[in-house]
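Trainee: Just dropping this structure here.
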Amino acid sequence: MSDHEHGSMDVQVQEKTYGGFLKLGTWTGIICIGVLVFLAITST
């Protein structure tokens with residue numbers, strides 16, 4: 001097996017991807033809530 005030192009891996013790309021995923025999830029939630037509010041207001 002190869003030698004591995006804990007904490008030596010470069011995780012900048014993973015952190016950037018995770019941040020993008022969280023931003024996407026946040027905006028998706030905001031848009032869904034906005035659509036639901038719009039439908040509740042305009043439905044008669």
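All of the numbers you see were taken from the coordinates with simple rules; none came from a lab. It should be emphasised that the depicted structure is a prediction, and the values quoted were computed from it without experimental measurement. So basically every Cβ, Gly included, is an ideal-geometry build from the backbone, and we count neighbours across all protein chains shown.
Trainee: Can you report the number of residues in segment 23-44 which are assigned to a helix (DSSP H, G or I) and loosely packed, with under 10 Cβ neighbours inside 10 Å?
Mentor: Within segment 23-44, the first condition is being assigned to a helix (DSSP H, G or I), and the residues that meet it are 23-42.
From the residues that got through so far, the ones that are loosely packed, with under 10 Cβ neighbours inside 10 Å too are 39-42.
Qualifying residue count, segment 23-44: 4.
Trainee: A further question on this structure: Would you confirm whether any residue within segment 1-14 is free of Cβ contacts under 8 Å to residues at least 12 places away in the same chain, surrounded by 10 or more Cβ atoms within 10 Å (Cβ to Cβ) and of a type in the set (D, E, K, R)?
Mentor: no
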